[in-house]
Amino acid sequence: MIEITNLVKKYHSKEKLVTAVDNVSLTVAKGEIFGIVGYSGAGKSSLLRCINLLERPSSGSVKVNGQELTGVPERELRKARVKMGMIFQHFNLISSKTIGENIGFALKAAHYPKKKRKARVNELLQMVGLSDKKDAYPSQLSGGQKQRVGIARSLANEPSVLLCDEATSALDPSTTKSILALLKKINRELGITVILITHEMEVVKEICDRMAIMQDGKIVEQGSVYDIFADPKNELTREFTSSILQFDIPDQALEKVEGTLVKVQFKGTTAGEGVISDMLKQYAVQGNFLHGKIEYIQEIPLGIFVLELKGDPVEIKRAIEYIEERTKQVEVLKGVA
Amino acid sequence: MSLDHVIELLPEINQAFLETLYMVGISLGVAVLIGLPLGVILFVTDKGLFLENGPVKTVVGFIVNMVRSIPFIILLVALIPITQWIVGTTIGPTAASVSLSVAAIPFFARIVETSLREIDKGVIEASVAVGASPWMIIKDVLLPEAKPSIIQGLTLTAISLVAYSAMAGVVGGGGIGDLAIRFGYYRYDNTIMVTTVIVLILFVQILQLAGDRFAKLVDKR
């Protein structure tokens, strides 16, 4: 478990004091995949680096598995870092060493018995599906393969925590998917807590359990990924979720709308209950779908539909009230309410 | 300019060449032995690095700059007492090696520092993140990663030393330079002058070629 309390990280850059992390408190439960989202410069990278103390926090506390890490001497810190894996956007492999040697280096850092290193390296390479690349150099691998090596290296010493610094941002979409699947597998099979920072909501949607949104060094919103997607409270959060859920209806199509335009959001199980068809049966209105989308977030459906309702205004009003009652998420975009 | 004359002096030229090789070899060895660690210190004590240490960086940097700012010919003379104390004589190739080494150490140290600076900071960060000790990072990450560049720097140092060693002839240091001055300059023997220059040109070309080859060979990037 990771407990961050009142964490502040300040930098002295040219005559200016920059507060990269501004009084952040955060708790990540054991075995969770936690996503931190924000634009570049939001402080998420600094926050992540404060967890394994690659950057010394200016104040506040970082506890990993009950051990307070701030103020710990360098030697102790190295021991703690062995139990925290980290992967990077640009992989950061040692270019003069083979893949096997790169992973071996992590084992050596942890004083892993020399005799057993070879077997452990093979085991790790198998886990990430790169057994045949042991003697290759990083420059001979593709981006996705390099990240797999990075993952193997980070897992070498059986960490309890894996920190991911924009781990998929330099990869193409299909490679991103496979790396995310690997991270999820590691999380489920080895029970490793994963903290990842990203600016891609796609990544969070794909694998995270909970998430936080950062802006100007502060966490503006946090919660379960589903809740945040279904009901974002903060302006910035809405901006991020809309990157996944948003759809634009062309102006031309909007102009043709004669009736009332409503946006309905279905959460979880209600998505399958046929609220719309019930409504159409009960009220004398005509329904016409203009747009619709169902996203599965943490395997729970989240549906958003835009439909035009035509007919008697009174009936329409009652129909909308009916949907409101069933879904709690109706928004009238155009026309009478 | 006669070929006979060159052949006649061939043993002398040969001897001088070996002396040059000897002087450059010794001072290059000392440069690696002392300059390399100094270069590493200059780099790892830098701000934001894993052995950040302002005072050490400033002091080492100052000494390195100070020695580098002294013209070699002055260094050659100024170090005569120290040379006497270390090797027991002030003439000959061994004596010249002392001042050559002193000049080579800070030169090579700065080259090493620059080579290390080229390493991707992310790789160093990743090594810190796996819990590696500073010594491990230096030995297993910094030096291997900078190896091609350091070899290029070593070539550069060797070639500079060839040029400096020629200057050592002024104080009777021996070597090709000494030969050129004694025969070519004092006795107006143009044959020897031209021959020594050709030998030096060839030597430098070979050094550079070999250095480039070797650097390329160890480069895995």
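The values are calculated or read from the model by the stated rules, or taken from the named source; none is laboratory data. Because the structure is predicted, anything quoted here is derived from the model rather than measured. Using ideal geometry, Cβ is built from the backbone for each residue, glycine included, and neighbour counts are taken over all protein chains shown. Ligands, DNA and RNA are excluded from the accessible area calculation, which covers all protein heavy atoms including side chains. Shrake-Rupley method; radii C 1.70, N 1.55, O 1.52, S 1.80 Å.
Structural remarks
- Partner chain coverage, peptide B:159-166 - average Cβ within 10 angstrom: 0
- Share, in percent, of DSSP beta bridges within segment A:2-243 that are antiparallel, nearest 5: 55
- Among A:53-65, B:123-135, sorting by the average number of other beta carbon atoms lying within 10 angstrom of each residue, highest first, gives B:123-135, A:53-65.
- Rolling a 1.4 angstrom probe over the protein heavy atoms with all chains in place gives the protein assembly as shown an accessible area of 48 Å² per residue.
- Between B:74, A:86, A:163, the Cα set farthest toward the positive side of the dipole of the protein assembly as shown (charges on each charged residue's Cβ, about the Cα centre) is that of B:74.
- Semi-axis lengths, Å, segment A:240-337, gyration tensor of Cα atoms, sqrt of 5 times eigenvalues: 22, 18, 10
- C-alpha center-to-center spacing [segment A:245-310, segment B:151-221] in angstrom: 83
- Across peptide B:131-138, the average count of Cβ atoms from other chains found within 10 Å of a residue's Cβ is 5.
- Value at 222 nm in deg cm²/dmol, rounded to 500, when DSSP H runs of n ≥ 4 in chain B each add -39,500 (n - 2.57): -24000 deg cm²/dmol
- Whole-number D in µm²/s for the protein assembly as shown (Stokes-Einstein; Kirkwood sum over Cα pairs; 10 °C, 1.306 mPa s): 55
- Here segment B:98-221 is treated as a Stokes sphere of Kirkwood radius computed over C-alpha pairs; at 10 °C and 1.306 mPa s its diffusion coefficient rounds to 94 µm²/s.
- Dipole orientation for segment B:75-203: of the candidates B:154, B:87, B:185, B:185 has the Cα lying most toward the positive pole (charges on Cβ; Lys, Arg +1; Asp, Glu -1).
- Note on the protein assembly as shown: antiparallel DSSP beta bridges, both residues inside, total approximately 70 percent of the bridges counted.
- About its Cα centre, the dipole of the protein assembly as shown is roughly 1560 debye, where the only charges are +1 on Lys and Arg Cβ and -1 on Asp and Glu Cβ.
- Contact order relative to length of chain A, as percent, for alpha carbon pairs under 8 angstrom and 6 or more apart: 18
- Over segment A:116-269, Cα pairs under 8 Å with separation of 6+ residues give a relative contact order of 14 percent.
- Straight-line reach from residue A:293: taking Cα to Cα under 13 Å and skipping same-chain neighbours fewer than 8 places apart, the aspartates and glutamates in range are A:248.
- Highest average packing first - A:202-209, A:3-10, Cβ atoms within 10 Å: A:202-209, A:3-10
- For residue A:190 and residue A:68, a Förster radius of 25 Å and the Cβ-Cβ distance give a FRET efficiency of 0.50, rounded to the nearest 0.05.
- Ranked by the mean number of other Cβ atoms within 10 Å per residue, highest first, peptides A:169-177, B:63-71 order as A:169-177, B:63-71.
- For segment A:251-334: relative contact order, % (alpha-carbon pairs under 8 angstrom, 6 or more apart): 44
- With a cut-off of 14 Å between beta carbons, the residues surrounding residue A:142 carry a summed charge of +1, where Lys and Arg count +1 and Asp and Glu -1.
- Across every pair of non-identical alpha carbons in segment A:2-243, the mean reciprocal distance, once inverted, gives a Kirkwood radius of 18.4 Å.
- Of all aspartates and glutamates in the structure, those lying under 15 Å Cα to Cα from residue A:133, and not within fewer than 8 positions of it along the same chain, are A:101, A:123.
- Total accessible surface hidden between B and A, rounded to 100 Å², 1.4 Å probe: 2000
- The angle between the Cα long axis of helix B:190-218 and the longest principal axis of the Cα atoms of chain B comes to about 20 degrees, rounded to the nearest 10.
- In the structure shown, the pairs B:147/B:216; A:108/B:57; A:114/B:147; A:63/B:121; A:30/A:79 are assessed against 18 Å; a Cα-Cα span above that value is assigned to A:108/B:57; A:114/B:147; A:63/B:121; A:30/A:79.
- Based on Cα atoms of chain B, Rg over Rh with Rh as the Kirkwood radius reads 1.07.
- Interface residues, segment B:203-221 - accessible area loss of 20 Å² or more versus chain alone, probe 1.4 Å: B:220, B:221
- Nonlocal amide H pairs with residue A:196, under 5 Å, H built at 1.01 Å: A:34, A:35, A:36, A:164
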